[in-house]
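Everything on this sheet refers to the single structure shown next.
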Amino acid sequence: MTIPFLSLFKRSAKRFSFRGAIFFWFRNYKKFFFLGFLIVLSIGGWNWYQSLYRYHMSDDEKKQYIDSYFKETAFKETKFRETVENLQARADLHGEMLQLKRNIFEGKGLKPKK
């Protein structure tokens, strides 16, 4: 039984070594990271350009977007007035002066520790 491409694997095994690959990585890892950074930056820039300047919406999509935007921003006056009244009641409650029923500095009503 013969294994296909066995001679190719044997020839490449003679030329390839794990130690050589590690040394190659340590000599060139900064270049690879910089190249990866440039690739990611260029893809991000292209995507940004496409989303800003090359977008297109059909008339149906535009109408659907306008309808959903209007539904989300419709003003609910009764709920708004109730909220304002609740806030005003809270402000009035906080504005009242509270009477202290017990003076904590006199020490009356305190039980000594045993």
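The values are calculated or read from the model by the stated rules, or taken from the named source; none is laboratory data. This structure is a prediction, so every number in the text was calculated from the model and none was measured. Because the Cβ atoms are built from the backbone with ideal geometry, glycine has one as well, and the counts that use them run over all protein chains shown.
For the range 57-70, check the following and say yes or no: at least one residue is in a loop (DSSP other than H, G, I, E, B) and modelled with pLDDT of 80 or more. Please lay out each step first, then the result.
Of the range 57-70, the ones in a loop (DSSP other than H, G, I, E, B) are 57-58.
Those left that are additionally modelled with pLDDT of 80 or more: 57-58.
Yes.
Surrounded by fewer than 10 Cβ atoms within 10 Å (Cβ to Cβ) and either assigned to a helix (DSSP H, G or I) or touching a residue at least 24 places away in the same chain (Cβ under 8 Å) (or both): does that describe Arg11?
no
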